[in-house]
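The next block holds one structure in the form of C-alpha cells; read it before the comments.
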Amino acid sequence: MPARKPDTLVREFIEKMSGDILEDRYRKQVEELIRGHAGLYALYDGDTLYYVGLATDLMRRMKQHQNDRHAGAWDSFSVYLTGRDEHIKPLESLLLRVFQPPGNSQGGRLPGAADRQR
C-alpha cells in the first residue's frame, strides 16, 4: 500500500505574476492552472499588497477584479491553490487583520478566538 501523502494547506502557487498575463498569450496557460481551483489570492500595486481574498474558482474571481471597483488598482497577483479546507476562511481573516490591505473594506473576523487585549 502506498504511503499516504501528508495533507498540505497549499498545494500549488504562483507569486507576483503580472496582471497583463490575464490578457495576453499566456492567459490559456494561467486558466489551465487555476480555473475551478479554490484558494487564496493577493493583488498588488507594485510591491504593496492591495487586496487579499479567497475564491472557489480563482480564475473567475481574477477576471471579476479586472472589471470591478479594483480594476486599475493592481498590477500583479499571487494565487495559492488549496483544497476546500475549513482553515481557508480563518486564514484569509488572519491575513486581513495582520496586513490590512487598503483594497479590502472588511476586516477579518476570528470566530471562536478569544480577544486577550481586554
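Taken as entire DSSP H runs, the helices of the chain never both span 27 Å or more between Cα atoms along their own long axis and average -1.0 or more on the Kyte-Doolittle scale. For the set E31, E23, E12, the ranking by accessible area, highest first and with no ligand, DNA or RNA atoms included, is E23, E12, E31 under a 1.4 Å probe. Averaged per residue, the chain has 70 square angstrom of accessible surface, using a 1.4 angstrom probe with ligands and nucleic acids left out.
Largest first, the three principal axis extents of the alpha carbons in the chain are 51, 49, 21 Å in whole numbers.
Working out 0.36 nm times the residue gap between R97 and R118, then minus their Cα-Cα distance, what length gain in nm do you get to one decimal? Gain in length upon complete extension: 5.8 nm. For the stretch 9-115, trypsin sites (Lys or Arg not before Pro) are listed when DSSP marks them as loop and at most 15 other Cβ atoms sit within 10 Å of their Cβ; the list is R11, R25, R35, R69, R84, R109.
If you take the Cα centroid of the stretch 97-115 and the Cα centroid of the stretch 26-86, the two points sit 19 Å apart.
Taking 0.36 nm per residue of separation and subtracting the Cα-Cα distance, full extension of the segment from Q29 to R69 would add 11.8 nm. Note on the chain: with neighbouring protein chains present and a 1.4 Å probe, carbon and sulfur make up 50 percent of its accessible heavy-atom surface. Dividing the mean sequence gap of close Cα pairs (under 8 Å, 6+ apart) by how many residues the stretch 31-118 holds gives a relative contact order of 31 percent.
The values are calculated or read from the model by the stated rules, or taken from the named source; none is laboratory data. Quantities reported herein were computed from a predicted structural model and do not represent experimental measurements. When we count neighbours, we look across all protein chains shown, and the Cβ atoms used for this are built from the backbone with ideal geometry, even at glycine. Areas reflect the complete protein model, heavy atoms only, side chains present, ligands, DNA and RNA absent. Shrake-Rupley method; radii C 1.70, N 1.55, O 1.52, S 1.80 Å.
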